[in-house]
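Here the structure comes first, spelled out in structure tokens, and everything after it is commentary.
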Amino acid sequence: MNKKIFNAIWIVAIVVFLSSLIFILGVSYDYFSKLQMRQLKVETELAVQGVNMSGQKYLDTLETKEYRVTWVDANGKVLYDTKADKAKMENHFEREEIKEALDKGYGESVRYSSTLAEKQLYSAMKLDNGSVLRLSIVQMAIWTLFVDFAQPICIVMLIALILSIVLASRISKMIIEPINNINLDNPMEHVNEEKYEEVAPLLKRIHYQQEQLKKDKEEIHKASLIRQEFSANVSHELKSPLHAISGYAELLENGMVKAKDIKPFATKIRIEASRMTTLVEDIIHLTKLDEGGAEQVWEECDIYKIAENALDSLISFADEKHVNMELKGESTTMYGVSKLLYSVIYNLCDNAIKYNVENGRVTVFVESLEDAIILRFKDTGVGIPDDAKGRIFERFYRVDKSRSKEVGGTGLGLSIVKHAVLLHKGDIKVTGKYGEGTEFEVRFPK
Ligand code: ADP
């Protein structure tokens, strides 16, 4: 970049210099041409005085290496010419400067001489006897001016080149240095410094991106901690049913169980095994949700119908627990993944039954508002203490660990619910008084 800025600056300097040089040469050329014409006029005046006094004799004595002298009579006939044979010369009456001189006493013009094939300056003056004397000179060519000025031009160019290189190198350093000195750990510290005025937007962007990176890093760190904690919890949760199963199996194997106890032992093994199955299923479910539920099918779902199905499959469990279930509300559809919506309703109803009391009630409301669909799950169960309300959605969190285990909970149900609700851009709230019951409200925006 330094090199690029350096090159750009000195090239610009040289281009500007050369263009001004060409312009100055043009202006000078014009000035010198006018000067030449003025001199020619003076010479013509002198020559006219000479001829007025001495006639052609004067012309014969003239030293005219540079000038061409032509004398024509009042009709344009050439009487005398220093460069061409007067006999062969055409009548000059129509020549612009001669016509003007005959008319006004003096005339001048610039043109290609058809006789000498060069650009000529002409100056013509009327004599006392009515004839006209004309002096002409080859106009100085621009390259002559250039050749004359070659030496000073070269010197000035050299100076300009050296100056522009020195300046370019200094300016490019001045531009680059502050950029190299930016404190990337805290770019905002330069924002109010004068030399960073122009790069303030860049500093702000760097700052913004760094903050973003920091946030991303923190999130990655948090996610990795959560994952570590989750893996530790998973292995711990899997270990206890496995220990129980292998303990019971060992007793059976060693013949330490009386024949009448074999059946209850087998039941215990089956319960532990089914607990493991549920746990593994929940973990798989949650992992899939973590991956963004990519393979899920999104469609219009009848949420009331889904609630009916979930309640149907829980009816025998509710009967077993002596809990009454009721579904209220209206049929309404929403765009979502029906499998996930089912698991939201199933898990919340399952909990409402699990943590209920003898002869308790579970009521589910499905309500369609203008901008949202509301699902409410109300139970008359044990309730959740206020300080635990914020934590129940955490993985493996249980308010009462032994009760949860006793009823076959995994501690993952509400995490799955929350995840699925968030995937549908909804939110979930929990209310209710500890000891009196719980109410979950799920809101899906339309
Ligand atoms: P679990 O498998 O233990 O039920 P969840 O994630 O579904 O796990 O619930 C977490 C904890 O929240 C439960 O262990 C329980 O203590 C509490 N909980 C959930 N739902 C209810 C409810 N309807 N009434 C009382 N407590 C509940």
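Rule-based calculations on the coordinates, nothing more; no lab input. Because the structure is a prediction, the values reported are computed rather than measured. All Cβ positions, even for glycine, are placed from backbone atoms using ideal geometry, and neighbour counts span all protein chains on display.
Applying a DSSP loop filter and a limit of 11 other Cβ atoms within 10 Å to the GluC sites (Glu not before Pro) in segment 351-410 leaves GLU358, GLU370.
Highest GNM mean-square fluctuation, the chain, Cα pairs closer than 10 Å: which of VAL399, VAL110, VAL234? Taking springs between Cα atoms under 10 Å, the residue moving most is VAL110. As a proxy for reagent exposure, ranking HIS419, HIS221 by other Cβ atoms within 10 Å from fewest up yields HIS221, HIS419. Near LYS83, the amide H atoms lying under 5 Å from its own belong to VAL69; only residues 5 or more places off or on other chains count, and H is placed 1.01 Å from N. Go ahead and set up a Gaussian network model of the chain, Cα springs under 10 Å, then flag whichever of VAL51, VAL15, VAL156 fluctuates most. Sorting by GNM fluctuation, first place goes to VAL51.
Out of segment 228-326, which trypsin sites (Lys or Arg not before Pro) are coil in DSSP terms and have no more than 10 other C-beta atoms within 10 Å?
Those satisfying the criteria are LYS258.
In this simple spin-label approximation, VAL42 and ASP400 carry label points 7 Å from Cα along the Cα→Cβ vector, and these lie 12.5 nm apart.
Here the translational diffusion coefficient of segment 40-163 follows from Stokes-Einstein with Rh set to the Kirkwood radius across Cα pairs; for 10 °C and 1.306 mPa s it amounts to 100 µm²/s. Once R0 is set to 35 Å, what does the formula 1/(1 + (r/R0)^6) return for the Cβ-Cβ distance between HIS243 and LYS215, expressed as a FRET efficiency to the nearest 0.05? E(calc), rounded to 0.05, equals 0.25. Taking the square roots of 5 times each eigenvalue of the Cα gyration tensor of segment 281-363, largest first, gives ellipsoid semi-axes of 26, 17, 8 Å.
For segment 389-428, how big is the tail of P(r) above 11 Å, as a whole percent of Cα pairs? Here the long-distance tail beyond 11 Å is 62 percent of all Cα pairs in segment 389-428.
Sort segment 205-304 into rounded, prolate or oblate with this rule: let a ≥ b ≥ c be the square roots of the eigenvalues of the Cα gyration tensor; rounded if a/c is under 1.5, and if a/c is not under 1.5, prolate when a/b is larger than b/c, oblate otherwise. The partial results should precede the final answer.
On the way: a/c = 6.52, a/b = 2.10, b/c = 3.11.
In terms of gyration-tensor shape, oblate.
Here, the chain yields an orientationally averaged convex hull projection of 47.5 nm² when only Cα atoms define the hull.
Which of the DSSP-defined H helices in the chain satisfy a minimum axial length of 30 Å, computed from C-alpha atoms, and a minimum mean Kyte-Doolittle hydropathy of -1.0? Membrane-span-like by this rule: 2-54, 142-180, 200-253, 262-290.
Given their separation in residues at 0.36 nm each and the Cα-Cα distance between them, LYS88 and ALA232 gain 39.8 nm when the chain is fully extended. Decide, for segment 235-274, between rounded, prolate and oblate: order the square roots of the alpha carbon gyration tensor eigenvalues as a ≥ b ≥ c, take rounded if a/c falls under 1.5, and otherwise choose prolate if a/b is larger than b/c, else oblate. Since a/c reaches 1.5 but b/c is at least a/b, the shape of segment 235-274 is classed as oblate. Based on DSSP H segments of at least four residues, each scored -39500 (n - 2.57), the chain has a per-residue ellipticity at 222 nm of -19500 deg cm²/dmol. DSSP beta bridges fully contained in the chain are about 90 percent antiparallel.
Please find, in a Gaussian network model of the chain (springs between Cα atoms separated by less than 10 Å), the residue of PRO241, PRO201, PRO264 whose mean-square fluctuation is greatest. Greatest mean-square fluctuation among the candidates belongs to PRO264. Our coupling estimate for segment 118-125, obtained by passing each phi through the Karplus curve with A = 6.51, B = -1.76, C = 1.60 and θ = phi - 60°, is 9, 7, 10, 9, 10, 9, 10, 9 Hz, Gly and Pro reported as x. In order along segment 181-191, the Karplus-derived 3J(HN,Hα) couplings, from 6.51 cos²θ - 1.76 cosθ + 1.60 at θ = phi - 60°, round to 8, 4, 7, 5, 6, 9, x, 5, 5, 8, 3 Hz, and Gly and Pro are given as x.
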